[in-house]
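One structure is given here, and the rest of the page talks about it.
The values are calculated or read from the model by the stated rules, or taken from the named source; none is laboratory data. Because the structure is predicted, anything quoted here is derived from the model rather than measured. Note: ideal-geometry Cβ built from the backbone for every residue, glycine included; neighbour counts use all protein chains shown. Protein only, heavy atoms only, side chains kept; ligands, DNA and RNA dropped before computing areas. Shrake-Rupley method; radii C 1.70, N 1.55, O 1.52, S 1.80 Å.
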Amino acid sequence: MGRSGSTLLERVLGAVPGSVNAGEVNAIFSRVSTQDQRCGCGEPFSTCSFWAAVGDRAFGGWGDVTARMAHLQPRLVRQRFVPQLATGRFGATYARELDDYLDVHRRLYDAIAEVAGAEVVVDASKSTAQLFALRRIEGLDLRVVNLVRDARGVAHSWSKAGIRKPQSQQGEDMGTYAPHRLAVLWAGLQLECSVLGAAAEHHARVRYEDLVASPRPTVRRLLEEVGLPPAADALDHVDEHSVHLTPSHGVAGSRTRFTDGDIELRVDDAWRSTLPVGARRVVTAVTLPQLVGYGYVGRRTRDAAVGVA
């Protein structure tokens, strides 16, 4: 779920030698390209040399493919289609369009890796429907990380209005969710992630609170669980209570996308005092099974967030 620290984790993983963080790849056709949003390097997507090279290598340019994918994406990878994508039970027209959609993404991932000179592409897309679709690409080595944050902290973050999208050139604000609606979405996505994880050969679940409190051992464990154990010096950019990040070409995400240098990670449990009692009770009730399963209820935990998020 958004506002769970995925931009931070994506950038930390992308800084591991042999990897490249691409941002939220499923947003490229829906809004990054069409709205010419800013890349993590600060340049608009249309003038970023990295993404221009990716587009040329994959498609001979972004022109035709962007419009086609912007049309297909909402038709094919919506959450309501997860059962069909998981089972492969869909009609001929859907299958034909899905083949086109997946071929584009296969070429896109290959081009990102080639231009970056990387073996691993870190994609922070948050759509389980997208992941169920990507599993159907033959030869794609898909490894899944479920990053989870206490639903009450997520609800508190999504209730904040007036936060500008840092990548937008039109000064748009980030969206908001009412706590009760957020709770339902969070619970549903976690169920889908559990199904996806069970079906994936390589899968890890990471609590954002653990990532912030103990970044180096948490990242090391994550990489080991997805079958990519890091070399001895691969996590030199991850310290005890901070991370060091250099500019990258990730797209979409939070304002952490544009924060570089030494980033201190600090505890933030503001939701305990600022999320209204009624909203807190509703979110807790709706998401209680997962809160218990993830250790957020029933034992003492430390709720944390990154200071720049």
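Here are the numbers for this structure:
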item: Residue match in the stretch 261-284 (condition: surrounded by 12 or more Cβ atoms within 10 Å (Cβ to Cβ), free of Cβ contacts under 8 Å to residues at least 12 places away in the same chain and in a loop (DSSP other than H, G, I, E, B)); result: no
item: Options Val206, Val226, Val243: the member that is touching a Pro at 6+ places or on another chain (Cβ under 9 Å) and open to solvent by less than 10 Å² (accessible area, probe 1.4 Å); result: Val243
item: Filter pass, Ala198 being surrounded by fewer than 18 Cβ atoms within 10 Å (Cβ to Cβ) and outside any loop (DSSP other than H, G, I, E, B); result: yes
item: Condition broken by Asn146, with the remaining ones in (1) under 25 Å from Pro289 (Cβ atoms); (2) part of a helix (DSSP H, G or I) satisfied; result: (2)
item: Enumeration of residues in the stretch 112-159 that are among the charged types (D, E, K, R) and out of contact with any Lys or Arg (no Cβ under 9 Å at 6 or more places or on another chain); result: Glu119, Asp123, Lys126, Arg135, Arg136, Asp141, Arg143
item: All helices (runs of 4 or more DSSP H) inside the stretch 20-115 with 1 or more residues being open to solvent by less than 40 Å² (accessible area, probe 1.4 Å), touching a His at 6+ places or on another chain (Cβ under 8 Å) and among the hydrophobic types (A, V, I, L, M, F, W, C); result: 49-59
item: Within the stretch 116-143, considering residues that are open to solvent by less than 20 Å² (accessible area, probe 1.4 Å) and assigned to a helix (DSSP H, G or I), the one nearest to Gly2 (Cα to Cα); result: Thr128
